[in-house]
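Student: Below is the structure I would like to discuss, written out as structure tokens.
What follows draws every value from the coordinates through simple rules; no lab data is involved. This one's a predicted model, so the numbers in the text were calculated from it and none came from an experiment. We place every Cβ from the backbone using ideal geometry, glycine too, and count neighbours over all the protein chains shown.
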Amino acid sequence: MPKGYWIAHVTVTDPEQYKLYANAAPEAFKKYGATILARGGAYQQMEGEPVPRNVVIEFPSLQAAIDCYNSPEYQSAKANRANAGIASIVLVEGV
């Protein structure tokens with residue numbers, strides 16, 4: 001079964017509020033078997049508009065990635081991010 005991935009591009013606008021999200025989200029990731037492959041760090045923008053924070057999270061399957069996003073644990077964490085940044089998140093199936 002192909003793995004599933006979250007690919008997120010984030011601009012943090014309120015670092016203190018965003019910390020609440022960052023501290024709460026790992027509970028959901030752990031529950032759904034996620035492995036964080038990239039979170040922030042150095043990057044080289046090759047095309048398109050740069051975003052300061054790039055995140056890649058691997059899940060056992062696309063369904064696990066979807067279930068994690070929709071879980072009460074993640075939705076609770078996400079509520080902390082509502083006024084702390086701008087995020088674009090896509091869930092994709094691996095090959």
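Student: Just want the ordering: Arg39, Arg81, Arg53, from fewest to most Cβ atoms lying within 10 Å of their own Cβ.
Tutor: Arg39, Arg53, Arg81
Student: Rounded to two decimals, what is Rg over Rh for segment 25-85 when you use alpha-carbon atoms and the Kirkwood radius?
Tutor: 1.02
Student: About the Cα centre, and with charges only on the beta carbon of Lys, Arg (+1) and Asp, Glu (-1), how big is the dipole of the chain? Nearest 20 debye, please.
Tutor: The dipole of the chain has a size of about 200 debye.
Student: Just rank Glu47, Glu73, Glu16, Glu27, fewest to most, by other beta-carbon atoms within 10 angstrom.
Tutor: Lowest to highest Cβ neighbour count: Glu47, Glu16, Glu27, Glu73.
Student: Another question, if that's okay. If we count other beta carbons within 10 Å of each Cβ, what is the order of Phe59, Phe29, fewest first?
Tutor: Least to most surrounded, the residues fall as Phe29, Phe59.
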